[in-house]
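Step one of this worksheet: look at the structure below.
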Amino acid sequence: MKLLVVDDDDFILELLPMVLALFGYEDVSASATPLDALALVRHEQPGFDCLLLDIQMPGMDGIELCRQIRALRGYADTPIIMLTAMSDKDSIDQAFAAGATDYITKPFDVTEIGARVRVAAKLKEAQDALQVVHQNHEKAVQNSRLPDKAQVTRKEISELFAGELGYRGKSSTG
């Protein structure tokens, strides 16, 4: 699972990758600014599977960053966990309205971080599986609209032989 941590606190940027590694998450990128994070998200291929965003950051806050990430292709359903000292109802409501999937307040519990990221990973896996099912369904629908090649071939052969033999079908004069 590919993770991105965005926080203007260098201590958090150093700590979180170590904490996440305890739970088996080794592929963790970090960004100290929302603008750098947005550039990373736009250019990273394949994209990130989960993002952990602080709210209070200079320039652009994490809520606006969340909103902008949600607008990017491929990130409409990506789990976004807000990780912040902001615990007031208004901040929580704004974060969820912007598209946050989950919300953890600082100081955080290490076990809670692991559990929340594990749930985000399961959510991402389920979303990816659902997308595959949807794509397969679309292909099946498209294929069902195509004529059966064997039937077309038989029809073409019948018409060819009928034409060669002068067969015109049943006459209406009987």
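Summed over the range 78-117, residues that are hydrophobic (A, V, I, L, M, F, W, C) and part of a loop (DSSP other than H, G, I, E, B) total 4. Summed over the range 59-77, residues that are part of a loop (DSSP other than H, G, I, E, B) and out of contact with any helix residue (DSSP H, G or I) (no Cβ under 7 Å at 6 or more places or on another chain) total 4. Modelled with pLDDT of 95 or more and within 17 Å of the chain's Cα centre (by Cα): does that describe Pro17? No: the conditions fail for Pro17. Cβ-Cβ distances below 8 Å connect the following pairs, each with a first residue in the range 87-103 that is touching a residue at least 24 places away in the same chain (Cβ under 8 Å) and on the phi > 0 side of the Ramachandran plot, a second residue that is aliphatic (A, V, I, L, M) and assigned to a strand (DSSP E or B), and a separation of six or more residues or different chains: Gly99/Ile80. A single member of Ser87, Ser91, Ser31 is hydroxyl-bearing (Ser, Thr, Tyr) and surrounded by fewer than 15 Cβ atoms within 10 Å (Cβ to Cβ), and it is Ser87. Applying a threshold of 9 Å to beta carbon distances and a minimum spacing of six or more residues, or different chains, the list of pairs starting in the range 131-143 at a residue that is within 20 Å of Gly74 (Cα to Cα) and ending at one that is surrounded by 10 or more Cβ atoms within 10 Å (Cβ to Cβ) reads Gln131/Asp77.
Among the residues of the range 36-58, those that are touching a residue at least 12 places away in the same chain (Cβ under 8 Å), assigned to a helix (DSSP H, G or I), farther than 21 Å from Thr105 by Cα and not charged (D, E, K, R) comprise Leu38, Leu40, Val41.
Screening Gly59, Gly47 for residues that are of a type in the set (Gly, Ala, Ser) and loosely packed, with under 13 Cβ neighbours inside 10 Å leaves exactly one candidate, Gly59.
The values are calculated or read from the model by the stated rules, or taken from the named source; none is laboratory data. Note that this is a predicted model, so its numbers are computed, not measured. Quick reminder, even Gly has a Cβ in these numbers, built from the backbone with ideal geometry, and neighbours come from all protein chains shown.
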